[in-house]
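Reading through the structure tokens given below for one structure.
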Amino acid sequence: MTEESTARRRELGSELRNIRKRQRMSGHALGRRLEWPPSNISRLETGVRPLPVVDVATFLGTCGASAADRKRLLKLAEAGDDSYWVRPYFDALTDPLKSLIIQESLAESILTFESTFIPGLQQTEAYMRAAFELDGRDHSQTQIDVLIKARIERQKLLDRRIPPHCAFFIHERALRSLLGGKQVMQEQLLHLVLSSNLRHCSIRVIPESTVTLPLLNSPFRIMEFTDHPAVVYTDTYAAGLFIDDRMAVEAYYSLSARLQQGALNEAESRQWLAQLANEYDRMEE
């Protein structure tokens, strides 16, 4: 029976592959140096094979990884597999955003629900700045500039030759929030209207009048992969959380089915967004 990968294994495997490629070393060449079958390298880098700390240390040493990379990735290897994998925001050796980017880059489809903010993959630069200024983490302007640059890079996922199919469910209250002012919101709404016409993007509005569950106050993503089980990602002020537990993932699928029942369809959502953008345009300062 094939052992299922986890979000942690996939991230660690992706990081190891990047380090090997930076050394311009093929998987076969590394396998010869380590006296490992090439299939072991492939399974390690795709997260299919368990990642013993000693194997990760050997891999990193053979590839000449920097001390900082060794420290960071050995900590990741030592974490062990857990169906609920926490990525703290206030830990110098972890980066929840980077972890999310890695999973998104591997995903075949991504379903996103947001109740308070526009989903990050759909935010305009002006909206990003307003959101980061209000998120309560006391970012400096330099830090905000770095975060915005990272989010814009993350959005390039949607410009790939074969992008993942993305379904965005956005609650009405996020769309009516005057984050950054009426001009910022009008431009953001127009961006959503344009994105809704892309073949790989589905944008659905959840009206305030829809009967929802208390859990729908919490944002989440369900990411599906070609060769791996689906994973759920949700975050809080303090940490991001990847959920591999099968029963919990199925519960989120049930939640997403409720979203689909309560949301406007794609055409209705497009019309609703265009109308709200027009309202923002006519709104007095």
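The values are calculated or read from the model by the stated rules, or taken from the named source; none is laboratory data. Quick caveat, the model's predicted, so the values are computed rather than measured. With ideal geometry, Cβ positions are generated from the backbone for all residues, glycine too; neighbour counts draw on all protein chains shown. Heads up: the accessible areas ignore ligands, DNA and RNA and are worked out on the full protein's heavy atoms, side chains in. Shrake-Rupley method; radii C 1.70, N 1.55, O 1.52, S 1.80 Å.
Results, tabulated for the structure shown:
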read-out	value
Boolean, L179 is touching a helix residue (DSSP H, G or I) at 6+ places or on another chain (Cβ under 7 Å), crowded, with 17+ Cβ neighbours inside 10 Å and on the phi < 0 side of the Ramachandran plot	yes
Enumeration of residues in segment 159-192 that are touching a residue at least 60 places away in the same chain (Cβ under 8 Å), in contact with an Asp or Glu (Cβ under 6 Å, 6 or more places away or on another chain) and either in a strand (DSSP E or B) or under 24 Å from L259 (Cβ atoms) (or both)	P164, A174
Candidates S5, S99 - the one that is within 30 Å of R199 (Cβ to Cβ), outside any helix (DSSP H, G or I) and open to solvent by less than 60 Å² (accessible area, probe 1.4 Å)	S5
Residue list for segment 21-48, restricted to those being on the phi > 0 side of the Ramachandran plot and in contact (Cβ under 8 Å) with a residue 24 or more places away in the chain	G47
Count of segment 159-173 residues which are open to solvent by 20 Å² or more (accessible area, probe 1.4 Å) and not acidic (D, E)	6
Meets criteria (under 18 Å from the mean Cα position of the chain (by Cα) and of a type in the set (K, R)) for R221	yes
Qualifying position, being farther than 30 Å from T210 by Cα and part of a helix (DSSP H, G or I), among A65, A77	A77
Matching residues in segment 49-62 - criterion: being touching a residue at least 12 places away in the same chain (Cβ under 8 Å) and part of a helix (DSSP H, G or I)	V53, V56, A57, T58, F59, L60, T62
Residues of segment 122-149 satisfying the condition of being open to solvent by less than 30 Å² (accessible area, probe 1.4 Å) and either at positive phi or not in a loop (DSSP other than H, G, I, E, B) (or both)	Q122, Y127, M128, A130, A131, F132, I144, I148
Count - residues of segment 231-272 that are in contact with a Leu (Cβ under 7 Å, 6 or more places away or on another chain) and not acidic (D, E)	7
Residue selected from segment 173-204 under the condition farther than 25 Å from S109 by Cβ and among the polar types (S, T, N, Q), by the criterion farthest from the chain's Cα centre (by Cα)	Q183
Any chance F117 is under 29 Å from L264 (Cβ atoms) and either modelled with pLDDT under 85 or surrounded by 15 or more Cβ atoms within 10 Å (Cβ to Cβ) (or both)	yes
Where a residue in segment 134-158 is in contact (Cβ under 8 Å) with a residue 12 or more places away in the chain and its partner, wherever it lies, is open to solvent by less than 50 Å² (accessible area, probe 1.4 Å), with Cβ under 6 Å and at least six apart	I144/F132; L147/F132; I148/M128; R151/G120; R151/M128; Q155/L121; L157/E104
Members of segment 63-80 found to be over 18 Å from P96 (Cα atoms) and surrounded by 15 or more Cβ atoms within 10 Å (Cβ to Cβ), listed by number	C63, A65, R70
